[in-house]
Amino acid sequence: MTHPPVLTFTVSAGRGAPPLRELVIGLPAGLRAGSTRGITLSAVGAPPSFSVRRSGDGFDLRFKRGYRTLRITLTAPAIA
């Protein structure tokens with residue numbers, strides 16, 4: 001039995017840098033971009049409000065406000 005792929009990572013704005021307002025995600029070899037569903041974000045405080053679109057072999061995310069640190073999880077159907 002095989003499990004669906006899951007990719008989780010954390011990104012942070014650098015010291016003295018402005019908060020993150022957008023993020024471009026390129027997928028590692030062996031993973032393909034699928035639907036824009038299956039993308040979850042978490043941050044300190046309220047859940048992040050964002051828009052997402054597919055871009056080549058990855059995704060472009062735009063946030064309604066800036067965030068210092070974000071945890072991103074990609075699961076099926078976003079990746080395969």
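Observations
- Dividing the mean sequence gap of close Cα pairs (under 8 Å, 6+ apart) by how many residues region 6-80 holds gives a relative contact order of 49 percent.
- Rounded accessible area per residue of the chain, 1.4 Å, Å²: 66 Å²
- Charge dipole magnitude, Cβ of K and R +1, D and E -1 - the chain, Cα centre, debye nearest 20: 280 debye
- Solution diffusion estimate, µm²/s, Stokes-Einstein, region 6-80, Kirkwood Rh from C-alpha pairs, 25 °C, viscosity 0.890 mPa s: 194 µm²/s
- Heavy-atom accessible surface of region 1-55: percent carbon and sulfur, 1.4 Å: 56 percent
- From phi via Karplus (6.51, -1.76, 1.60), per-residue ³J(HN,Hα) for region 57-65 in Hz, x at Gly/Pro: 9, x, 9, 10, 10, 10, 9, 5, 9
- Probe 1.4 Å - accessible area at THR40, Å² to nearest ten: 80 Å²
The values are calculated or read from the model by the stated rules, or taken from the named source; none is laboratory data. If you're wondering where the values come from, they're calculated on a predicted model, not measured in any experiment. Backbone-built Cβ (ideal geometry, glycine too); neighbour counts: all protein chains shown. These area figures cover heavy atoms from the full protein model, side chains too; ligands, DNA and RNA do not enter into them. Shrake-Rupley method; radii C 1.70, N 1.55, O 1.52, S 1.80 Å.
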